[in-house]
Amino acid sequence: MYAVNFLILGALLFSLGVFGVIARRNAVMVLMSIELILNAVNVNLIAFAMMNNSAEGHVFALYVIAVAAAEVGVGLAMVLMIYRNRRSIALDELSAMKG
Amino acid sequence: MNALLAADVNVAQNVGFYVIAAVMLYGAVRVVSTRNVVHAALWLVVVLGGVAAQYVLAAAEFVAISQVMVYIGAVMVLFLFGIMLTRATIGSEDGLNNRGWGLGIPVALLLAGTMIWVVVDQYRGTVLESPEGPMPTTALSDVFLREGLVPFLALSFVLLAAAIGAIVLARKD
């Protein structure tokens with residue numbers, strides 16, 4: 001199996017995630033797109049670990065999984081807080097920081 | 001096609017890879033394009049399960065199990081709770097996309113084209129050896145508890161801080 005298979009799959013998943021972050025208006029959907037991006041990176045890390053036949057890539061992937069879990073927890077808590085305060089999670093309506 | 005299909009290595013692995021990759025990419029397109037929030041979450045399950053299957057193909061069993069437990073078990077429940085608590089309409093919904101969502105298409109195409117070009121240029125013809133078996137978990141723990149010990153402990157504190165932070169943010173007072 002060629003290494004480019006995994007790496008191209010990772011690149012395509014990453015691009016779809018970036019498209020989701022740009023296109024989506026609902027904050028929860030943006031968080032889902034960020035999960036796509038993190039998983040694309042993990043696929044690449046596992047491919048490189050297989051290429052070098054080492055365990056370091058797996059360890060990095062596990063770090064990324066743990067950080068992603070923390071990120072989703074805090075992110076969804078922030079989304080809930082914004083929803084409670086403003087009754088909306090549409091990202092283009094959160095313009096309080098616009099000058 | 002010849003450049004992407006290593007027929008001399010392991011046919012079953014290649015076929016499995018392409019089938020799972022096709023399902024994953026279809027699921028990912030549905031996640032970013034569907035008009036229903038709950039359906040997007042369920043398609044995300046398909047993508048995450050596909051990633052776990054690719055880990056198994058790449059001999060990363062421990063990471064695959066962690067992926068299933070953390071993502072499909074925990075993160076998806078969090079997402080569904082988030083959807084429920086923000087009272088998104090269950091059913092199709094207009095206004096899930098920004099007004100300027102079309103801008104995302106050229107950005108994503110440009111990004112994908114650049115990355116695929118770089119990757120193919122650098123790693124064309126690099127063959128991944130078929131591993132004899134799964135990566136032993138003892139090898140992972142050797143890395144975790146030797147050179148990776150400090151980041152490992154730091155990660156525990158990150159998780160602790162995230163848990164406390166989420167409670168503080170989401171608490172009603």
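A few points about this structure:
- A cut-off of 5 Å between modelled amide H atoms, ignoring neighbours fewer than 5 places along the same chain, links B:Leu128 with A:Tyr2, A:Ala3.
- Cα gyration tensor, the protein assembly as shown - rounded (a/c under 1.5), prolate or oblate: oblate
- Contact order normalised by residue count of chain B, Cα under 8 Å, 6+ apart, percent: 22 percent
- Cα centroid separation, region B:17-79 to region B:106-173 (Å): 15 Å
- Over chain B, DSSP H runs of length four or greater, each weighted -39,500 (n - 2.57), average out per residue to a 222 nm ellipticity of -21500 deg cm²/dmol.
- Dipole size of the protein assembly as shown about its Cα centre, with +1 on Lys/Arg Cβ and -1 on Asp/Glu Cβ: approximately 1220 debye, rounded to the nearest 20.
- Net charge, B:Leu85 excluded, C-beta distance under 13 Å - Lys, Arg +1, Asp, Glu -1: +4
- Close amide H partners of A:Arg24, meaning residues 5 or more places away or on another chain with modelled amide H under 5 Å apart, are B:Asn98.
- Across q = 0.14, 0.15, 0.17 Å⁻¹, region A:3-92 modelled as identical point scatterers on its alpha-carbon atoms has Debye log10 I(q)/I(0) values of -0.57, -0.64, -0.75, in the order of the q list.
- Region B:31-161 shape via C-alpha gyration tensor axes, a/c threshold 1.5: oblate
- Couplings 3J(HN,Hα) for region A:84-92, derived from phi with the Karplus relation 6.51 cos²θ - 1.76 cosθ + 1.60 (θ = phi - 60°), are 5, 7, 10, 6, 7, 10, 6, 5, 7 Hz, where x marks Gly and Pro.
- At the listed q of 0.14, 0.16 Å⁻¹, the Debye profile of region B:11-99, built from one uniform point per Cα, gives log10 I(q)/I(0) equal to -0.57, -0.70.
- Coupling constants for region B:120-125 follow from the phi torsions by the Karplus curve (6.51 cos²θ - 1.76 cosθ + 1.60, θ = phi - 60°), and in residue order they are 5, 4, 7, 10, 4, x Hz; glycine and proline get x.
Computed from the coordinates by the stated procedures, all read-outs in this text should not be read as laboratory data. Owing to the predicted nature of the structure, the values given are computational and were not obtained by experimental measurement. With ideal geometry, Cβ positions are generated from the backbone for all residues, glycine too; neighbour counts draw on all protein chains shown.
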